[in-house]
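The values are calculated or read from the model by the stated rules, or taken from the named source; none is laboratory data. A quick note: this is a predicted structure, and the numbers were derived from the prediction, not measured. Glycine also receives a Cβ, built like all others from the backbone with ideal geometry; neighbour counts cover every protein chain displayed. Areas reflect the complete protein model, heavy atoms only, side chains present, ligands, DNA and RNA absent. Shrake-Rupley method; radii C 1.70, N 1.55, O 1.52, S 1.80 Å.
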Amino acid sequence: MSAQHGSGLRAWLSIHDVMPETLERVANIIARSRAHGWPPATLLVVPGRHWNADAIAQLRAWHTDGHALAAHGWFHRARHIRGLRHRLHAALISRDAAEHLALDAAGIARLMQASHDWFVQQDLPSPALYVPPAWALGAVKRSTLRALPFRHIEVTTGVIDTDSGRLEAQPLVGFEADTAWRARALHTWNRGQLALARRTGRTLRVGVHPYDPELALATALDRILADPPHQVPRGVAAMYQASPIH
């Protein structure tokens, strides 16, 4: 992966799987990105874990520092594997993380509503952005999304505006490669997504997971973090990430 992505590209940094047990790793990624000049990130919070007052206070402090808080599923674990599509997705991409794929449309809607309501119950800012675990939204209609309290839903191909139902296509790079096969696949995917961002001028989504600095694509992640964007994100990204200061 080229280290020169920042020269002319817009980028939006999200840190996934923000849970009580990952807060130290999330803090380290935040510190590294900010030291390199990245603007505050979007933090994808998993509400259904064992949160205590100190952990919630940390979320509140990060929000005060400018980081946007987004809802990210409920428990980030599928209760079971449901159907062939889910089985293939789990084997190739998500393992047991794609909890939406284990649910029908009504179950997905209930999970998303509960995820939103948790923030309100904890006196945290009401999240406008929802990101399903593994970006796997599942079998839910756009009309159902419109009735939920989120303005935007992020999926693999981009971000859905729930009011209009339209998808804003945005390239995506990730680094969660815990096997050699996944490292090769993600390396190829990332190269293609970077090329797409350069060709189209669309904002590049940079999705980082808490354990990525310890995995096979750690060097590629280092290059991304060391080369912050020099342009303001466009479209939906501009709502969830502050402008870089240069």
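The requirement of being free of Cβ contacts under 8 Å to residues at least 24 places away in the same chain, open to solvent by 50 Å² or more (accessible area, probe 1.4 Å), farther than 24 Å from Ile15 by Cβ and touching a Gly at 6+ places or on another chain (Cβ under 8 Å) is fulfilled nowhere in segment 107-123; no residue meets it.
Of Gly192, Gly201, all but one fail to be without any contact (Cβ under 8 Å) to a residue 40 or more places away in the chain and over 18 Å from the mean Cα position of the chain (by Cα); the exception is Gly192. Considering only residues in segment 139-150 that are open to solvent by 20 Å² or more (accessible area, probe 1.4 Å) and of a type outside the set (A, V, I, L, M), the one that is nearest to the chain's Cα centre (by Cα) turns out to be Pro149.
Of the residues making up segment 217-238, those that are of a type in the set (A, V, I, L, M), modelled with pLDDT of 90 or more and surrounded by fewer than 19 Cβ atoms within 10 Å (Cβ to Cβ) are Ala218, Ala226.
I'd like the full set of residues that are open to solvent by less than 60 Å² (accessible area, probe 1.4 Å) and either at pLDDT 85 or above or over 20 Å from the mean Cα position of the chain (by Cα) (or both), limited to segment 87-101.
Here is the first cut: in segment 87-101, the ones open to solvent by less than 60 Å² (accessible area, probe 1.4 Å) are 89-90, 94, 97-101.
Glu99, His100, Leu101, listed by residue number.
Is it the case, given these coordinates, that Arg166 is surrounded by fewer than 21 Cβ atoms within 10 Å (Cβ to Cβ) and farther than 30 Å from Asp104 by Cα? In short, no. Residues considered: Ile153, Ile160. Of these, the only one that is among the aliphatic types (A, V, I, L, M), farther than 20 Å from Gly48 by Cα and either open to solvent by 50 Å² or more (accessible area, probe 1.4 Å) or not in a helix (DSSP H, G or I) (or both) is Ile160.
Of the residues making up segment 200-216, those that are open to solvent by less than 30 Å² (accessible area, probe 1.4 Å) and under 17 Å from Arg25 (Cβ atoms) are Val206, Gly207, Val208, His209, Pro210, Asp212. The set of residues in segment 195-241 that are in contact with a Pro (Cβ under 8 Å, 6 or more places away or on another chain) and closer than 19 Å to Val18 by Cα comprises Arg205, Leu221, Gln241.
Of the residues screened, Ala197 is one that is buried (at least 19 other Cβ atoms within 10 Å of the Cβ) and outside any strand (DSSP E or B).
Table: residues versus (1) modelled with pLDDT of 95 or more; (2) buried (at least 21 other Cβ atoms within 10 Å of the Cβ).
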residue	(1), (2)
His5	no, yes
Gly8	no, no
Ile15	yes, yes
Leu23	yes, no
Asn28	yes, no
Ala31	yes, no
Ala35	yes, no
Ala41	yes, yes
